[in-house]
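The structure appears right after this line, and notes come after that.
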Amino acid sequence: MSKVKTQYVCTECGAVSPKWAGQCIECNQWNCMVEQIEAKKPAQNARFAGYAGSEKQLQKLSEVEHQETARIATQLSELDRVLGGGLVAGSVVLIGGDPGIGKSTILLQCMCHLSESQNAVYVTGEESAQQISMRAKRLGLNGDKLNLLTETQVETIIATAQNVQPQVMVIDSIQTIYTELLQSAPGGVAQVRESTAQLVRFAKQKGIALFVVGHVTKDGALAGPRVLEHMVDAVLYFEGERDGRYRILRAVKNRFGAVNELGVFAMTEEGLKEVQNPSAIFLSRYQQAAAGSVVTVTWEGSRPLLVEVQALVDESHVGQPRRVAVGLDQNRLAMLLAVLSRHGGVFCHDQDVFLNVVGGVRVMETSADLALLLAAVSSLRNQVLPQNLIVFGEVGLAGEIRPVPNGQERIKEAKKHGFEVAIVPKANAPKKGVDGIRVLPVGQLSEALNSLNEI
Ligand SMILES: [Zn+2]
């Protein structure tokens with residue numbers, strides 16, 4: 001392949017320079033110069049004349065034909081759910097997560113299943129063919145039909161795929177892939193972006209369903225792949241603690257399905273197994289009641305999920321009391337504690353506050369607001385709340401309890417799991433009530449705190 005010209009572009013201000021520099025000469029930012037392939041510019045006067053012949057026909061909005069997208073089932077029902085009902089041909093799915101969390105494991109399982117009916121290629125740039133084969137053996141997978149390719153150069157991968165014509169392909173991982181068009185090292189933003197661009201173009205052209213694995217760095221950003229999120233059709237994140245038993249696959253972007261859809265897996269000897277009733281696993285507390293524990297119902301994608309929020313509020317011995325939230329938004333915690341002191345009359349300014357969502361699940365919904373405040377109050381007062389209590393609701397800055405979407409379904413889900421008392425926003429309370437569960441509607445934070453004495 002002929003060498004193309006490259007240039008360096010500042011990611012902050014867009015300044016272009018033929019050479020790399022540590023600092024941008026235009027905006028003086030550091031470490032912002034990224035290598036790019038130089039686009040050929042047409043001569044000024046030939047610019048628009050050169051466009052003749054490339055016109056397209058316009059279409060009336062109402063005349064657009066609707067086509068049902070064909071889906072390929074992956075045999076992993078939870079993965080299918082997160083994808084929006086299965087893989088779509090010609091779609092590119094980015095799977096991100098910490099190294100070692102199980103991205104390769106789930107894809108290997110999925111590809112072994114798929115290779116029974118599809119032409120499947122697994123491209124590995126990270127592990128050797130031997131390592132992958134050993135893993136497949138350990139997981140008891142049948143790899144008779146799965147094609148393996150150990151390669152890191154994107155041009156070679158595409159040339160090979162052009163011959164093999166796969167229907168499904170995995171790139172594991174994008175950080176190891178490079179294009180010969182750029183001089184910078186693999187894993188850098190420029191390489192990751194350009195390699196992905198080539199792969200995406202190829203997958204779209206040939207109708208290949210493509211999985212791209214991207215590692216997340218310590219600070220939580222996908223190294224490079226953050227910049228890829230807009231290039232791909234779907235972005236799935238693997239969450240959960242590395243040593244924990246459960247893994248959560250979350251769709252943060254999906255052109256073919258609901259965003260925030262959750263898939264729950266358990267890590268076992270035979271790889272990742274789907275969890276059919278995720279609500280049950282996050283409620284591990286049934287042994288003994290303890291202060292500081294409250295169960296809430298979150299809404300993830302298209303279904304409710306019961307999770308337990310735990311709080312520990314303890315006298316602080318440092319100048320600035322600590323606010324630590326695991327699985328919840330730290331800034332939101334600080335804000336809610338301010339609301340609690342102003343509108344609830346409960347003061348935590350000399351207390352360390354630790355919050356945790358049991359099971360390593362991350363709750364991004366504001367519907368958990370009320371639950372986490374009541375958990376904190378329960379811990380502060382050392383008051384054990386009844387085990388059959390469920391709480392949800394958003395807390396506003398004025399101390400008002402705001403309604404959340406799908407209130408009725410949340411209450412029903414709680415009832416299904418044996419909960420008998422529900423503290424919910426006034427606007428979410430069903431008019432006629434629900435059989436078998438006592439609903440306590442609250443409009444203000446102070447009402448919610450008072451209702452703790454009625455249960
Ligand atoms: Zn600049």
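The values are calculated or read from the model by the stated rules, or taken from the named source; none is laboratory data. Since the structure is predicted, the reported quantities are computational estimates derived from the model, not experimental observations. So basically every Cβ, Gly included, is an ideal-geometry build from the backbone, and we count neighbours across all protein chains shown.
Which residue out of 365, 400, 420 is under 27 Å from residue 239 (Cα atoms) and either of a type outside the set (Lys, Arg) or at pLDDT 90 or above (or both)? Steps first, answer last, please.
On the way: 400 fails: under 27 Å from residue 239 (Cα atoms); 420 fails: under 27 Å from residue 239 (Cα atoms).
Criteria check complete, one pass: 365.
In the range 424-436, how many are at pLDDT 90 or above and over 33 Å from the mean Cα position of the chain (by Cα)?
Result for the range 424-436: 0.
How many of the residues making up the range 278-297 are of a type in the set (S, T, N, Q) and under 17 Å from residue 240 (Cα atoms)?
So in the range 278-297, the residues of a type in the set (S, T, N, Q) come out as 279, 284, 287-288, 293, 296.
Add one more test, that the residue is under 17 Å from residue 240 (Cα atoms), and what stays is 279, 284.
Total satisfying the criteria: 2.
Would you call residue 175 part of a helix (DSSP H, G or I) and touching a strand residue (DSSP E or B) at 6+ places or on another chain (Cβ under 6 Å)?
Numbers: part of a helix (DSSP H, G or I): yes; touching a strand residue (DSSP E or B) at 6+ places or on another chain (Cβ under 6 Å): yes.
Yes.
I need the full set of residues from the range 380-399 which are over 22 Å from residue 437 (Cα atoms) and crowded, with 24+ Cβ neighbours inside 10 Å, in order please.
395
Going by what's in this entry, would residue 362 be described as more than 30 Å from residue 98 (Cβ to Cβ), among the basic types (Lys, Arg) and surrounded by fewer than 21 Cβ atoms within 10 Å (Cβ to Cβ)?
Spelling it out, it is not the case that residue 362 is more than 30 Å from residue 98 (Cβ to Cβ), among the basic types (Lys, Arg) and surrounded by fewer than 21 Cβ atoms within 10 Å (Cβ to Cβ).
So how many residues does the range 19-40 have that are exposed (fewer than 13 other Cβ atoms within 10 Å of the Cβ), more than 15 Å from the ligand (Cβ to nearest atom) and not charged (D, E, K, R)?
Result for the range 19-40: 1.
Of a type in the set (A, V, I, L, M, F, W, C), touching a Lys or Arg at 6+ places or on another chain (Cβ under 7 Å) and over 16 Å from residue 307 (Cβ atoms): does that describe residue 324?
On the way: of a type in the set (A, V, I, L, M, F, W, C): yes; touching a Lys or Arg at 6+ places or on another chain (Cβ under 7 Å): no; over 16 Å from residue 307 (Cβ atoms): yes.
Here the answer is no, as residue 324 does not meet what is asked.
Restricting to the range 178-191, name every residue that is hydroxyl-bearing (Ser, Thr, Tyr) and either part of a helix (DSSP H, G or I) or under 27 Å from residue 88 (Cβ atoms) (or both). Spell out how you get there, then give the answer.
Residues of the range 178-191 that are hydroxyl-bearing (Ser, Thr, Tyr), as a first pass: 178-179, 184.
The answer is 179, and nothing else.
Among the residues that make up the range 153-164, is at least one of them part of a loop (DSSP other than H, G, I, E, B) and of a type outside the set (Ser, Thr, Tyr)?
Keep residues of the range 153-164 that are part of a loop (DSSP other than H, G, I, E, B), which gives none.
Within the range 153-164, none of the residues are part of a loop (DSSP other than H, G, I, E, B) and of a type outside the set (Ser, Thr, Tyr).
Within the set of pairs 6 or more residues apart or between chains, which connect a residue that is within 15 Å of residue 190 (Cα to Cα) inside the range 11-26 to a residue that is in a loop (DSSP other than H, G, I, E, B) and near the ligand (Cβ under 10 Å from one of its atoms) with Cβ atoms less than 6 Å apart?
11/32; 12/27; 12/29; 12/32
Can you pull out the residues in the range 246-270 that are buried (at least 21 other Cβ atoms within 10 Å of the Cβ) and touching a Ser or Thr at 6+ places or on another chain (Cβ under 7 Å)?
The one that is buried (at least 21 other Cβ atoms within 10 Å of the Cβ) and touching a Ser or Thr at 6+ places or on another chain (Cβ under 7 Å): 261.
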